[in-house]
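A.B. asks: Okay, here's the structure, questions in a sec.
Since every read-out is calculated from the coordinates, none of them should be taken as a lab result. All values reported here derive from a predicted model rather than from experimental measurement. Backbone-built Cβ (ideal geometry, glycine too); neighbour counts: all protein chains shown.
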Amino acid sequence: MTKLYFVRHGKTEWNLESRYQGAGGDSPLLPQSYAEMEALGKYFQKVTFAHIYSSPIKRARVTAARINRKLKKHANISLLSRL
């Protein structure tokens with residue numbers, strides 16, 4: 001059975017300001033976001049991922065890569081502009 005896991009990118013400065021950033025904005029990730037990514041990567045170590053899909057926006061790419069680094073078996077990451 002196929003399972004899908006959806007993960008939102010780490011929090012940014014603009015998130016704290018309730019500012020819309022969409023694909024055009026690229027506010028930096030908050031320091032706490034990196035700790036959350038690490039924790040989520042450790043949590044997902046029990047899961048074997050066939051693939052990871054991410055938006056090409058920097059905050060999403062960084063989030064996907066940081067989580068992938070913590071996995072026992074790294075997955076290929078594909079960037080999809082439709083995400």
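A.B. asks: With θ taken as phi - 60° and the coefficients 6.51, -1.76 and 1.60, list the Karplus ³J(HN,Hα) couplings across region 13-18 in order, rounded to whole Hz; mark glycine and proline as x.
C.D. replies: Per-residue couplings from phi come out as 4, 5, 4, 5, 8, 6 Hz.
A.B. asks: Further question: Label region 1-42 by shape, choosing from rounded, prolate and oblate, from the square roots a ≥ b ≥ c of the eigenvalues of the Cα gyration tensor; if a/c is under 1.5 it is rounded, and otherwise prolate applies when a/b is larger than b/c, oblate when it is not.
C.D. replies: Here region 1-42 falls in the oblate category.
A.B. asks: What is the diffusion coefficient of the chain in µm²/s, taking the Kirkwood radius over Cα pairs and the Stokes-Einstein relation at 37 °C with a viscosity of 0.692 mPa s?
C.D. replies: For the chosen part, D equals 246 µm²/s.
A.B. asks: Also, quick follow-up: By the scheme Lys and Arg +1, Asp and Glu -1, what is the net charge of all other residues having a beta-carbon under 13 Å from that of Ile57?
C.D. replies: +4
A.B. asks: Identify the trypsin sites (Lys or Arg not before Pro) of the chain meeting these criteria: DSSP loop state and at most 12 other C-beta atoms within 10 Å of the C-beta.
C.D. replies: Lys3, Arg8, Arg19, Lys72, Lys73, Arg82
A.B. asks: Same structure, new question: Taking the chain as a Gaussian network, Cα atoms linked when under 10 Å apart, which of Ser55, Ser27, Ser18 shows the biggest mean-square fluctuation?
C.D. replies: The residue that fluctuates most here is Ser18.
A.B. asks: Report the net charge of residues surrounding Arg19, where surrounding means a beta-carbon distance below 13 angstrom and charges are Lys +1, Arg +1, Asp -1, Glu -1.
C.D. replies: Net local charge, Arg19 excluded: -2.
A.B. asks: Using the Karplus curve 6.51 cos²θ - 1.76 cosθ + 1.60 with θ = phi - 60°, work out ³J(HN,Hα) for each residue of region 77-83 in order, rounded to whole Hz, and write x for Gly and Pro.
C.D. replies: Working through the residues one at a time gives 10, 10, 9, 10, 5, 6, 8 Hz.
A.B. asks: Also, I was wondering about something else. Report, to the nearest 10°, how far helix 58-70 tilts away from the longest principal axis of the Cα atoms in the chain, using its own Cα long axis and a range of 0 to 90°.
C.D. replies: Taking Cα atoms only, the helix is inclined about 30 degrees.
A.B. asks: Taking amide H positions as placed in the peptide plane 1.01 Å from N, state which residues far from Tyr53 in sequence (5 or more) or on other chains have amide H under 5 Å from it.
C.D. replies: When sequence neighbours closer than 5 places are left aside, the close amide H contacts are Ser78.
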